[in-house]
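Peer 1: Quick one: this structure, given as structure tokens, is what I'll be asking you about.
The values are calculated or read from the model by the stated rules, or taken from the named source; none is laboratory data. Bear in mind the structure is a predicted one, so any value in this text is a computation, not a measurement. Positions of Cβ are backbone-derived with ideal geometry, glycine not excepted, and every protein chain shown enters the neighbour counts. For the accessible areas, the whole protein counts, side chains as well, though only heavy atoms, and no ligand, DNA or RNA atoms are used. Shrake-Rupley method; radii C 1.70, N 1.55, O 1.52, S 1.80 Å.
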Amino acid sequence: MTRRTVNASDGRRNVQGLYPIRTVARITGVNPVTLRAWERRYGLIKPRRTPSGHRVYTEEHVELVRQILALLDSGVSIGQVAEVIDTQRAPPDLEDTGDAWAGYRRRMVEGVANFDETTLEGVYAEAVSLYPVDVVSEHLIVPTLRELGWRWQNRTGTVAQEHFFSTYIRNKLGARLHHRTKRARGPKVILSCLPNERHDTGLLLFGLAALDHGLQAVLLGADLPLDELPIAANQSGAIAVVLAGKAEPAGYDLGDKLRDLTTDLDIPVYVGGRVSRLCEEAIEGAGARVLGDNIFAALRHVVADVRPQ
């Protein structure tokens, strides 16, 4: 997971060269609630205290937070981070450290099977209190969506269960995205589903993670005609357009429509989701860029293009 990089020297420090918790949150992308949880529950970070009791952090604390993030990104569970840091071992593979995530996913699937929103809320709240949101999305939300889709296809789950979870997580992610977007100041990226594509949960996950990379998401949602996008891009001042879908719309020449779009726009157009693999040649032939169906790898690709380091 590539993050928006801010040098610690850019943050606001007091005369002793110490950072308040909000500055550390801005520098690292880890919110204050999570920083406090890492301190209280796992003893990972031990900030200093001012005479009035406020937490303050050194440069070494900031680097430690970045080290923790790197371990979480590699698949190490939060409960094992301290051990890995102490022994300076290489981060284990996700398969070796996935017990925490497997437990979260099992509890979520059980909550979905019982149509129990309280259980879903408890699992989600616990996970986001310990891990950054995009880590939770990558290791919990996306795998749970895939599990439910597999269960439906194999008749061990129902459409109602899949819809129940999709509606819950869409509302949760939408509220979080709306709250965080109000404070965002970075370049804008338009996110839209292809025509006839009605599932926009992936775009919400993409948009929420994009905020941690200093981008603003202009979310246009499901089933949008492509000829609407040039107006939206021009009026919003967007620097890129990201489209998503599972399959080429029936009776719709995606290559021709994308060629018209890329001709009308002077900003890059990306296509992600399963359709980007199925129609890779047509997409590239139209002048658009293929992202594949891994949301977080796709985001890293876009960030590398539009925000070069």
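Peer 1: Sort out the exposed loop chymotrypsin sites (Phe, Trp or Tyr not before Pro) in the chain (DSSP loop, at most 16 other Cβ within 10 Å) and tell me the longest stretch that has none. Kindly include the intermediate steps, with their values, before the conclusion.
Peer 2: Details: sites that count: Phe115, Tyr252.
My reading of the result: 116-251 is the longest stretch.
Peer 1: When the helix-only estimate is applied to the chain (DSSP H runs of n ≥ 4, each -39,500 (n - 2.57), divided by the residue count), what is the mean residue ellipticity at 222 nm, nearest 500 deg cm²/dmol?
Peer 2: -16000 deg cm²/dmol
Peer 1: Number of Lys-Lys pairs in the chain under 28 Å by Cα, sequence gap 8 or more or different chains?
Peer 2: Working: Lys172/Lys182; Lys172/Lys188; Lys172/Lys246; Lys188/Lys246; Lys188/Lys257; Lys246/Lys257.
Taking the chain as the scope, the lysine pair count is 6.
Peer 1: Let me ask you something else. Which value, in Å² and to the nearest 10, is the accessible area of Lys246 when all protein chains are kept and the probe is 1.4 Å?
Peer 2: It works out to around 90 Å².
Peer 1: Still on this structure: Taking the Cα centre of the chain as origin, work out the dipole magnitude from +1 charges on Lys and Arg Cβ and -1 charges on Asp and Glu Cβ, in debye rounded to 20. Write down the numbers at each step before the final one.
Peer 2: Numbers: 38 positive and 38 negative charges, 324 e Å.
Using Cβ point charges on Lys, Arg, Asp and Glu, the chain gives about 1560 debye.
Peer 1: Specify which residue in the list Leu215, Pro187, Val84 is farthest towards the positive end of the charge dipole of the chain, using unit charges on the beta carbon of Lys, Arg (+1) and Asp, Glu (-1), about the Cα centre.
Peer 2: Final value for the positive-end residue is Val84.
Peer 1: Quick check on segment 249-309: take the gyration tensor over C-alpha atoms, sort the square-rooted eigenvalues as a ≥ b ≥ c, and tell me if it's rounded (a/c under 1.5), prolate or oblate. The partial results should precede the final answer.
Peer 2: Details: a/c = 2.81, a/b = 1.35, b/c = 2.08.
Oblate is the answer for segment 249-309, as a/c is 1.5 or above yet b/c matches or exceeds a/b.
Peer 1: Does segment 165-215 come out rounded, prolate or oblate by the C-alpha gyration tensor, with a ≥ b ≥ c the root eigenvalues, rounded set by a/c under 1.5 and, if not, prolate when a/b is larger than b/c and oblate if not?
Peer 2: Judged from the Cα gyration tensor, segment 165-215 comes out oblate (a/c at least 1.5, b/c at or above a/b).
Peer 1: Also, I was wondering about something else. Using only the Cα atoms of segment 199-309, what semi-axes does the equivalent ellipsoid have when each is the square root of 5 times a gyration tensor eigenvalue? Give whole Å, largest first.
Peer 2: Details: eigenvalues 79, 51, 38 Å².
In descending order, the three semi-axes are 20, 16, 14 Å.
Peer 1: Projected area of segment 95-201, taken from the Cα convex hull and averaged over every viewing direction, in nm²? Mind showing how you got there, number by number?
Peer 2: Details: hull surface 33.6 nm².
Spelled out: convex hull of the Cα atoms, projected over all directions, averaged, 8.4 nm².
Peer 1: Counting heavy atoms of the protein chains only and a 1.4 Å probe, report the per residue accessible area for the chain as a whole number of Å². Before the final figure, lay out each step's value.
Peer 2: Details: 15380 Å² over 309 residues.
With all protein chains present, the chain gives 50 Å² per residue.
Peer 1: Let a ≥ b ≥ c be the square roots of the eigenvalues of the Cα gyration tensor of the chain; is it rounded (a/c under 1.5), or, if not, prolate (a/b larger than b/c) or oblate?
Peer 2: On the way: a/c = 2.12, a/b = 1.38, b/c = 1.53.
Verdict is oblate for the chain.
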